[in-house]
Amino acid sequence: MRKFSIDTNLRVRLFHQPGQLARLAAAIAEQGSLMGEIAIVSIDEHHTVRDVAIETSDDEHTRRVIGAVKALAGIELLAITDRVFERHQGGKIRSGSRVKVEQVVDLRHIYTPGVARVAKAIEREPALAWDLTSLGHSVGIFTNGSRVLGLGNIGPLASLPVMEGKAVLYDRFAGLSATPLLVDTLEAERFVDAVELLSRSFGGIHLEDIRIPECFVIERELIRRLQKPVMHDDQHGTAIVALAAVLNACKLTGVDPSSSRVGQIGLGAAGSAIARLALTLGAREVLVSDVSPQAVAALEAEGARGVDLPTLLQQADIVVATTGKPGLIRPDMVRRGQVIFSLSNPDPEIDPGAAVAAGAAFAGDGRSINNALAFPGLFKGILEARARRFTPEMYTDAARVIASFAQPGEVVPSPFDMRIHDAVREAVLLRARQQDLIGTARL
């Protein structure tokens, strides 16, 4: 399937003449572009000005469409706007007040002299900060920009738009205040030290877009040092939503996950976490394959079985691939009846259509695996529980909850179903109670 990743708005003036809009649509279609929303901006006696959204695959494709529109007689191209860049103008987040400040007495209450009494109370009893500051609903999003989306090591500054996007999703789906923090080092120890020094500013620590193997070291060390929740979203958020998709694919095909062999190809951040969640879930056996013997050994130490790629594809009932290698799985390697998820973006290890044609009972790719289904509710729940850490059982509980909200025929639901985030929050809270973690966090 061709991918259209660039959204552009064309503002055009059309002479009042029958068929003008149809000619415009035809010119756009002839260039292989999709046309989206059409809005009237203004109308006068002789012309109509419209905004027309187009979707293209890359910059060269966009230029071809624009050239075709410019060549149309009776249609004038007035303006071209990149819709993504327009949405990012001025950034996507800001700090705001939760209280009204409209008169002098308000200043006395929220700042000096009244605030001194609150500060002294927290000095005497630090736990009061949960209730008397924003810490109880705050998350720090820490990154060094060393592995951003499919872009690689673009550095912390270039990663900021991604971190702002995460902060927007925290606010939208969980009402949490999240702050991006850029840590300008590739050294794991220095990164850990920086987060530790800033950690008292937040109730929870979200790690994002950090390359392997540093991401494993950083998360493990921060969990050891800090008495508050720490989660690397590229590992656990991805694994939770992938597991939810697997559970629903199994339901659609009649495959029982608990009696199945799960095969994980690729043991990077997401792949290692998916394998570990499959172990926690209680799959019959978890097979793992990776070019790194160290990565395989780490999973074997936790109960998985390391195998080569052909063996994994021969024996696994459920196959998940996160290698970043398009075409790694050939159609002749697919075993009839398998459930296959090729999650690498933008190009999967095997096209889902090709996998089904080769005999897979179900095949999906990474387009539906949206971490926004997981991390807002996870942190909302863990902060409400005031628990010091996430547990694997919280992650599998979240996966089951997310899976339960999918509509018939879907493998995962839309993140705009707000019930999902509240249900994930409740699942984390319940598990924290069962594991005696309520109130164990330390600020």
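The values are calculated or read from the model by the stated rules, or taken from the named source; none is laboratory data. Predicted model, so just to flag it, every value in this text is computed and none were measured. With ideal geometry, Cβ positions are generated from the backbone for all residues, glycine too; neighbour counts draw on all protein chains shown.
Candidates in region 157-180 are the residues that are β-branched (V, I, T) and within 14 Å of L207 (Cβ to Cβ); of these, the one that is farthest from the chain's Cα centre (by Cα) is T179.
A count restricted to region 1-44 and to residues that are exposed (fewer than 11 other Cβ atoms within 10 Å of the Cβ), of a type in the set (A, V, I, L, M, F, W, C) and part of a loop (DSSP other than H, G, I, E, B) stands at 1. If you check A363, A403, which single one turns out to be buried (at least 20 other Cβ atoms within 10 Å of the Cβ) and either touching a Gly at 6+ places or on another chain (Cβ under 9 Å) or under 28 Å from R224 (Cα atoms) (or both)? Among A363, A403, only A363 is buried (at least 20 other Cβ atoms within 10 Å of the Cβ) and either touching a Gly at 6+ places or on another chain (Cβ under 9 Å) or under 28 Å from R224 (Cα atoms) (or both).
So is A68 closer than 30 Å to I28 by Cβ and loosely packed, with under 10 Cβ neighbours inside 10 Å or not?
Working: closer than 30 Å to I28 by Cβ: yes; loosely packed, with under 10 Cβ neighbours inside 10 Å: no.
For A68, the condition - closer than 30 Å to I28 by Cβ and loosely packed, with under 10 Cβ neighbours inside 10 Å - is not met.
Number of residues in region 61-70 that are without any contact (Cβ under 8 Å) to a residue 12 or more places away in the chain and either assigned by TED's automatic domain parsing to the domain that holds S138 or over 30 Å from E164 (Cα atoms) (or both): the value is 2.
Looking at the structure I just gave you, is D193 over 20 Å from I223 (Cβ atoms) and either modelled with pLDDT of 95 or more or not assigned by TED's automatic domain parsing to the domain that holds S344 (or both)? Here the answer is no, as D193 does not meet what is asked. Residues in region 172-212 that are outside any loop (DSSP other than H, G, I, E, B) and in contact with a strand residue (DSSP E or B) (Cβ under 7 Å, 6 or more places away or on another chain): 14 in all. Of everything in region 372-392 that is part of a helix (DSSP H, G or I) and over 20 Å from the mean Cα position of the chain (by Cα), the residue that is farthest from E164 (Cα to Cα) is A385.
Let's see how each residue does on (1) in contact (Cβ under 8 Å) with a residue 60 or more places away in the chain; (2) assigned to a loop (DSSP other than H, G, I, E, B); (3) of a type in the set (F, W, Y); (4) over 22 Å from A178 (Cα atoms):
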| residue | (1), (2), (3), (4) |
| --- | --- |
| T81 | yes, no, no, yes |
| R87 | no, no, no, no |
| R108 | no, no, no, yes |
| A119 | no, no, no, yes |
| A129 | yes, no, no, no |
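Residues in region 418-435 that are surrounded by 14 or more Cβ atoms within 10 Å (Cβ to Cβ) and of a type outside the set (A, V, I, L, M, F, W, C): H421, D422, R425, E426, R431, Q435.
When restricted to residues that are of a type outside the set (F, W, Y), closer than 17 Å to R147 by Cα and surrounded by fewer than 24 Cβ atoms within 10 Å (Cβ to Cβ), region 193-217 contains 5. Taken together, the residues in region 45-59 that are part of a loop (DSSP other than H, G, I, E, B) and small (G, A, S) amount to 1. The residue list A321, A355, A361 contains one member that is closer than 28 Å to P392 by Cβ and free of Cβ contacts under 8 Å to residues at least 60 places away in the same chain, which is A321.
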